[in-house]
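Chemist: Below: one structure in structure tokens.
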Amino acid sequence: MKVIGILGSPHKNGGTAQLLISALKGAEREGAKTEFLSLYDGEVKPCVGCVQDEEPTCKFPCIFDDYGKVILEKIHEAEGIVFATPVYWFAPSGPMKNLIDRMTALENMVVFGEPSYLEGKVVGAIAVGADDGGAYATGYLITALTSMGAIIPPWGIAYSHKGDQAIFDDKALMDAINIGLLIARMVKRLKGEAVDLTFQYDPKLRDAIRKEVISELGLIKDSCKLHAKKMLMLDKS
């Protein structure tokens, strides 16, 4: 089982990345192989609207030979995908919106007599900001993705208002971990396994994953230093 995480933030150790990595770690607990991808590692050109009803031309692979095409191929190969974005004016970031538009190349395969290449893939959405808008950003992503044929598992969204301190937002962190857990379990369910799809509230798992993310991202050296020290002290008590 392959689950990928797509980061729509330029900050690879920011709050959005923190929750995305936590979600991937949740999926790994269910046996998934995961991959972390950042949209800021290359160019994701804006869609130019090849899609049309009269003479269909929009299809996979996309016409652009850019990093966006690489991401689309990764999406095509994956069974589960976590989309994570910062909140930019109540919406996903520009590169994330570009990617969603470009994913039309996957969805529009229905016009060519095939299923949408998003059909049956299990997806979730994460958004992080320092203000309101998380529900809007994740809501947009989920609406677009289910309209393309993707499957949203129970508890498929997570958002935090704590910016680069999102890793210390207990509720958002547990929600993000459950996105990973439930994406992986839903993939298993689609393959015929009898697995539970209920929300898992497990403070020990949450704290263990938080500690892993803090260590991997070096957050103890940055603005999270005091919080990280507190977590380490609690761990020793």
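Just so you know, all these numbers are worked out from the coordinates, no wet-lab data involved. All figures in this text were calculated on a predicted structure; none of them were measured in a lab. Positions of Cβ are generated from backbone atoms using ideal geometry, with glycine treated the same way; all protein chains shown enter the neighbour counts.
Chemist: Return, ordered by residue number, the residues of the range 80-117 whose backbone nitrogen is under 13 Å from a label point located 7 Å along Cα→Cβ of K2.
Modeler: Only 80-81 pass the distance filter.
Chemist: Using a 10 Å cut-off around each Cβ, can you sort W155, W89 from fewest to most neighbouring Cβ atoms? Mind showing how you got there, number by number?
Modeler: Values: W155 17, W89 11.
Exposure proxy ranking, most exposed first: W89, W155.
Chemist: For A135 and H76, calculate 0.36 nm times their separation in residues minus their Cα-Cα distance, and state this gained length in nm to one decimal.
Modeler: Values: separation 59, 0.36 × 59 = 21.24 nm, distance 2.65 nm.
Full extension from A135 to H76 adds 18.6 nm.
Chemist: Same structure again: Which of C47, A127, G26 sits farthest toward the positive end of the charge dipole of the range 1-133, with +1 on the Cβ of Lys and Arg and -1 on the Cβ of Asp and Glu?
Modeler: Looking along the dipole axis, the top candidate is G26.
Chemist: Could you order the peptides 13-24, 115-126 from most to least packed, using the average number of other C-beta atoms within 10 Å per residue?
Modeler: On the way: 13-24: 27.8, 115-126: 22.8.
Per-residue Cβ counts within 10 Å, averaged per peptide and sorted highest first, yield 13-24, 115-126.
Chemist: Looking at the square roots a ≥ b ≥ c of the eigenvalues of the Cα gyration tensor of the range 2-199, which shape do they give, rounded for a/c under 1.5, prolate if a/b is larger than b/c, or oblate? Don't skip to the answer; put the middle values down first.
Modeler: Working: a/c = 1.88, a/b = 1.27, b/c = 1.48.
In terms of gyration-tensor shape, oblate.
Chemist: Same structure, new question: Can you give the charge dipole size of the range 1-119 about its Cα centre, rounded to the nearest 20 debye, using +1 on the beta carbon of Lys and Arg and -1 on the beta carbon of Asp and Glu?
Modeler: Values: 11 positive and 17 negative charges, 122 e Å.
The dipole of the range 1-119 has a size of about 580 debye.
Chemist: Test of understanding: what is the full-extension gain from E212 to Q200, defined as 0.36 nm times their sequence separation minus their Cα-Cα distance?
Modeler: Working: separation 12, 0.36 × 12 = 4.32 nm, distance 1.88 nm.
Full extension from E212 to Q200 adds 2.4 nm.
Chemist: What size of dipole, in debye to the nearest 20, comes out for the range 2-199 about its Cα centre when the only charges are +1 on Lys and Arg C-beta atoms and -1 on Asp and Glu C-beta atoms? The partial results should precede the final answer.
Modeler: Numbers: 18 positive and 25 negative charges, 105 e Å.
Charge dipole of the range 2-199: 500 debye, to the nearest 20.
Chemist: What list of ³J(HN,Hα) couplings, whole Hz, do you get for the range 98-105 from phi and the Karplus terms 6.51, -1.76, 1.60, once you set θ to phi - 60° and write x for glycine and proline?
Modeler: 4, 5, 4, 4, 5, 5, 4, 4
Chemist: Set the Förster distance to 22 Å, then compute FRET efficiency between D66 and K12 from the Cβ-Cβ distance, nearest 0.05.
Modeler: Rounded to the nearest 0.05, the efficiency is 0.65.
Chemist: Of the DSSP beta bridges with both residues in the chain, give the percent that are antiparallel, rounding to the nearest 5.
Modeler: 5 percent
Chemist: Amide H neighbours of Y88 under 5 Å, at least 5 residues apart or on other chains, H built in the peptide plane: list them.
Modeler: S93
Chemist: What ranking of R206, R185 emerges when the number of other C-beta atoms within 10 Å of each C-beta is taken as an exposure proxy, fewest first?
Modeler: Details: R206 21, R185 25.
Listing R206, R185 from fewest to most nearby Cβ atoms yields R206, R185.
Chemist: A 22 angstrom limit on the alpha carbon distance is what I want to check against. Which of K2/K171; K2/K191; K74/K191; K188/K211; K12/K33; K74/K188 exceed it? Working shown, then result.
Modeler: Values: K2/K171 26 Å; K2/K191 13 Å; K74/K191 20 Å; K188/K211 27 Å; K12/K33 20 Å; K74/K188 20 Å.
The pairs that break the limit, which is 22 Å between Cα atoms, are K2/K171; K188/K211.
Chemist: Shifting gears a bit: How would the range 90-198 be classified by its alpha-carbon gyration tensor: rounded, prolate or oblate, with rounded meaning a/c under 1.5 and the a/b versus b/c comparison settling the rest?
Modeler: On the way: a/c = 3.19, a/b = 1.26, b/c = 2.53.
Here the range 90-198 falls in the oblate category.
Chemist: Further question on the same structure: Give the relative contact order (percent, whole number) for the range 2-199; include only Cα pairs under 8 Å separated by 6+ residues. Show your work: numbers first, answer last.
Modeler: Details: 443 pairs, mean separation 52.5, N = 198.
Relative contact order of the range 2-199: 26 percent.
Chemist: Using 0.36 nm times the number of residues separating D41 and T143, minus their current alpha carbon distance, what extension gain do you get?
Modeler: Numbers: separation 102, 0.36 × 102 = 36.72 nm, distance 2.60 nm.
Computed gain between D41 and T143 is 34.1 nm.
Chemist: Relative to the longest principal Cα axis of the chain, at what angle does helix 203-217 sit, 0 to 90 degrees, rounded to 10?
Modeler: 80 degrees
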